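The values are calculated or read from the model by the stated rules, or taken from the named source; none is laboratory data. From a predicted model like this one, the values you see are computed outputs, not experimental measurements. Glycine gets a Cβ as well: all are built from the backbone with ideal geometry, and neighbour counts include every protein chain shown.
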Amino acid sequence: MDHPIEFESAAEKLDYCDTLYPVILVSGLGFQDHNSVTNYWGKTPDFLKAHGCEVYTAYQDAFNSHVDNAIKLKYRVLDILDKSGKEKINIIGHSKGGIEARYMISRLGIGHRVASLTTLGSPHRGSSIADIVVGRVPLPRFVLARLINIYGRIIGDQRPDSLRAAVQLTKLSMENFNKDVPDVEGVYYQSYASHVNRQYPSVMWRSLAGILHNIEGKNDGLVSIESSKWGNYRGLIQTEKFPSLSHADMIGLAQFSVIKDFKAHWFFAHIIHDLKLRGY
């Protein structure tokens, strides 16, 4: 899934990701698309542009509620559609970004402007890791939230609310979310997951995966496979060479990715090429 393909001509290469509608990448909890701390998407946006994709990033806050980030996303999408002259947009959301996109599509009156939503490791049914962080961290959670909010301001959030963001990803909160946020007819929903196995070369990710496995089964270190499924579940993000990928590996998040040789930019290119073939 991450491998390059042989193109017969430069025109074929340029056409590979040339979808009918533009694409927006929506980041997850803890990071912004553009800041001095990390490069969330790495070389993926530039790579997709080189293969014909009209691609944008969302400029989401790192630590904010579903609703607040969904509102920001709505106006970002409307601005992109106005500039591009296109009627609809394709959304690819990683982790919490997929949840915020679902809220925007369903509750903010913009579903008719969205062609598709692809989610990667999004906690559609919550994550027990969030439950543990919210309820069991030895450091008082309000103190922890203040420390995380300081980090959020450093990377650019104006009014970070890390505690609320974490609470919203608990299993009970997402159960209520799913009741209140139905899918919109006419939008194509699809999802991917990944998982960390016992051979994964990182103690940190194996430890997180082990904790979550005892509660929810196979997972990517933060989100279980079952929680990642929404709409048309397309399967695991893996290759014969890399059968085990973490929550960070799937997008090539350099600071937290261990499998450096996984070509996340090619994985995105294949997703977008498939959207093109589906008429989006």
Condition met for F142 (modelled with pLDDT under 90 and assigned to a helix (DSSP H, G or I)): yes
Of all residues in segment 257-280 being at pLDDT below 95 and among the charged types (D, E, K, R), which is surrounded by the most Cβ atoms within 10 Å (Cβ to Cβ)? K263
Selection over segment 69-100 where residues are touching a residue at least 60 places away in the same chain (Cβ under 8 Å) and under 19 Å from the mean Cα position of the chain (by Cα) yields a count of 12
Unmet criterion (only one of (1) more than 24 Å from Y21 (Cα to Cα); (2) touching an Asp or Glu at 6+ places or on another chain (Cβ under 7 Å)) for F267: (1)
Can Q255 be described as within 30 Å of A115 (Cβ to Cβ) and polar (S, T, N, Q)? no
Some residue of segment 171-180 being out of contact with any Pro (no Cβ under 9 Å at 6 or more places or on another chain) and surrounded by 22 or more Cβ atoms within 10 Å (Cβ to Cβ): no
Checked pairs for segment 259-277, first more than 14 Å from S246 (Cβ to Cβ), second among the basic types (K, R) and at pLDDT below 95, C-beta under 7 Å and 6 or more apart or across chains, list as H265/K43
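Considering only segment 92-107, state which residues are crowded, with 24+ Cβ neighbours inside 10 Å and in a helix (DSSP H, G or I).
Those that are crowded, with 24+ Cβ neighbours inside 10 Å and in a helix (DSSP H, G or I): K96, G97, G98, I99, E100, A101, R102, M104, I105.
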